[in-house]
1. Considering only the stretch 20-156, what is the antiparallel percent among its DSSP beta bridges, to the nearest 5?
2. Using θ = phi - 60° and the Karplus curve 6.51 cos²θ - 1.76 cosθ + 1.60, what whole-Hz ³J(HN,Hα) does each residue of the stretch 250-255 get, with Gly and Pro shown as x?
3. If you place +1 on the Cβ of every Lys and Arg and -1 on the Cβ of every Asp and Glu, how big does the dipole about the Cα centre of the stretch 1-101 come out, in debye to the nearest 20?
4. Counting just the Cα atoms, what span does the stretch 41-88 cover along each of its three principal axes? Round to the nearest Å and put the largest first.
5. Between beta-carbons, use under 11 Å as the cut-off and find the net charge around Glu139, counting Lys and Arg +1, Asp and Glu -1.
6. For the chain, what is the percent of antiparallel DSSP beta bridges, rounded to the nearest 5?
7. For a quick check, take a GNM of the chain with Cα springs below 10 Å and name the residue from Glu138, Glu160, Glu221 with the largest mean-square fluctuation.
8. Near the amide H of Tyr100, under 5 Å away, which other amide H atoms are found, from residues 5 or more places off or on another chain, if H is placed in the peptide plane?
Amino acid sequence: MSMADYKKLFKSFPTVKIGVIGDMMLDTYWWGNVERISPEAPVPVVTVNKKEFRIGGAGNVALNLASLGTPVSVFSVIGNDEDGEKLTQLLNERKIETAYLLGSASRITTNKMRVISRNQQMMRLDLETVLPLDAKLEEKLIKQVEKYILEQSPAAIIFEDYNKGVLTKKGISAIIKICKAKSVITAVDPKRKHFFDYQGVDIFKPNLKEAREALNLLPEEINEKRLSSIHQKLKAELDHRISFITLSEKGVFYMDGKNAQIVPSHIRNVADVSGAGDTVIAVATLIYSLTKNTRLMAEIANLAGGLVCETVGTVAIDKSRLLRECQRLLTEK
């Protein structure tokens, strides 16, 4: 691709709609300084001087899409609580559609509270429920996705699973079936519990550790042949279209039919890997929805994942910075 082609592609980001379904979370950051040890216990005392709220979990996938200018809607069940109100407010502020979001008095909104000093995470406190949705909420969520597809004709639906109970086996199966009937692309960032429940999806994006654990494989040297074997083993279980496996600092691997390649990572000043997977699945789904080009999908998503690792905390990709990275990639080829 030429730079003009990249610019044209980036300008087309607002032309497709994407839905994100999964475990929406509130990320709370307490920033402070450590100058002494507590007299009550052998733990550091953090003097908090800033408190910040961010969109987390599956919401961070939606945030990445919104940051790229793509119209995005979210699907989840959150609590009828203060954290749920705050999360909804943050989503609305970032122009992420929350009309299909469900609230429930029987659940609490997941809130991950991180205490940070000198750019290091001191500890994390989690408020959450991990119980699966009951049958009534499960059916409501399926209906919300079906309604969205009929009303807005999205290009893709992304499943973002954090094992907090929103994605259930029945819900996953029903939504994939609806998407296939309406030619909506499906992309998945899986977790262990429902790893093999995403039958027939288009893009399956585990990290290498998750794929090995799910297939009961021992760690081996990373190369294209072994990764292609992992794809074949996954395909035997899932019958999916594309394996897109993140390899941490080694980059990403994709296999689409007979086309397979490792796309190496670029040298970065890594500050924090939080949320990198969210960025990768968001960018990959968007690029594939627009181009159907698996190699281009992998290259741009790989760049995006690396960029967000340079900032502490969970952050969304910057569109203009990503375009500059694409330009730099061109000059290196």
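1. DSSP beta bridges in the stretch 20-156 are roughly 60 percent antiparallel.
2. Once θ is set to phi - 60°, the couplings for the stretch 250-255 become 8, x, 9, 10, 10, 9 Hz.
3. Roughly 640 debye, rounded to the nearest 20.
4. Cα spread of the stretch 41-88 along its principal axes, largest to smallest: 48, 28, 17 Å.
5. Numbers: positive: Lys136, Lys140, Lys143, Lys170; negative: Asp134, Glu138, Glu146.
After counting each charged neighbour, the total is +1.
6. Within the chain, antiparallel bridges account for around 50 percent of the total.
7. Glu221
8. So Tyr100 has HN proximity to Val74.
The values are calculated or read from the model by the stated rules, or taken from the named source; none is laboratory data. As the structure is a prediction and not an experimental result, all values here were calculated from the model. All Cβ positions, glycine included, derive from the backbone under ideal geometry; neighbour counts span all protein chains shown. The protein model used for the area step is the full one, side chains on, heavy atoms only, and it has no ligands, DNA or RNA in it. Shrake-Rupley method; radii C 1.70, N 1.55, O 1.52, S 1.80 Å.
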